[in-house]
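Read through the structure below, which is laid out as structure tokens, and then see the notes.
What follows draws every value from the coordinates through simple rules; no lab data is involved. Quick caveat: nothing in here was measured; it's all calculated off a predicted structure. So basically every Cβ, Gly included, is an ideal-geometry build from the backbone, and we count neighbours across all protein chains shown.
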Amino acid sequence: MADRAGFLLAEDQALKVKFSGIQLTDDRDSTRDVQVFFRYPEGETEKKYPFITLELMDINHAVNRQHSDTRIYSFRGTAPTGQAAGHYSTDGQANTFTYWPDHTDDVSTLASGTSWIASSPFLSAMEHVPVDLLYQVTTFTRSAIHDRYLQAHILTQVVPFRRGYLNVPIDDTSRHMDLLDWRAADMLDEEAGFKKRIFRKVYTLSVTSEIPATSLVGLYQVTAGDDGYAAGSSTFKDKITQDVLA
């Protein structure tokens, strides 16, 4: 499956991959794959126990990670003619960025094909807005031993109490993924006439993400005229509309 691009789409896909591939062994030593669904599967979707559901519950502005308005830069490695590349490098600087959240690990690819990119040694944007995504993950089993196995596997291999992470391939980032809470929520199976128990565990997870605050712009050097002002006009062009911004 191709990597999905876009806020929430990339995280949803990465989370599903994180919980996929789990296998359990039943009393007859038969292997069962644990299916993963977004939200509870509807009637037309065949449910085979055990299975896992994922649901996005909330999106919060992570003010504890928000800085004052700061411009970030990406140097494309091509200094203007006659200028030393070292004067333009952003290596090691705190305001350097190379990826665009949920879209690409190489921000310069977003500007490919535009007329102004050849003369723009820098790409720039305002620092992204940090957010926390709250997900609810629920496991459903008919067997107590399957329920226990899934609980142990998730708490030790998928979402440990410390150093939890979520890889998002589309922008090649590793996000913090924290287990905020888990609880037992067993229920009687309505489809079986309330005569069978469904063993459930509900996990609440927090995943870090970012939303771009501004569009991507290109910056380039202008030449001073005899009057000391820039010769011609200096423009920033939006990557989407390519309108003159300033």
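Spacing of the modelled spin labels on K195 and D69, each 7 Å from Cα toward Cβ, amounts to 6.7 nm. Between L134 and K16, the contour length at 0.36 nm per residue exceeds the alpha carbon distance by 41.0 nm.
FRET efficiency for the L219 to T98 pair, using the beta carbon distance and R₀ = 22 Å, is estimated at 0.85. Inter-label distance, K48 to A62: 3.7 nm, where each label sits 7 Å from its Cα along the C-beta direction.
Residues M1, M187, M177 in ascending order of nearby Cβ atoms (within 10 Å, fewest first): M1, M187, M177.
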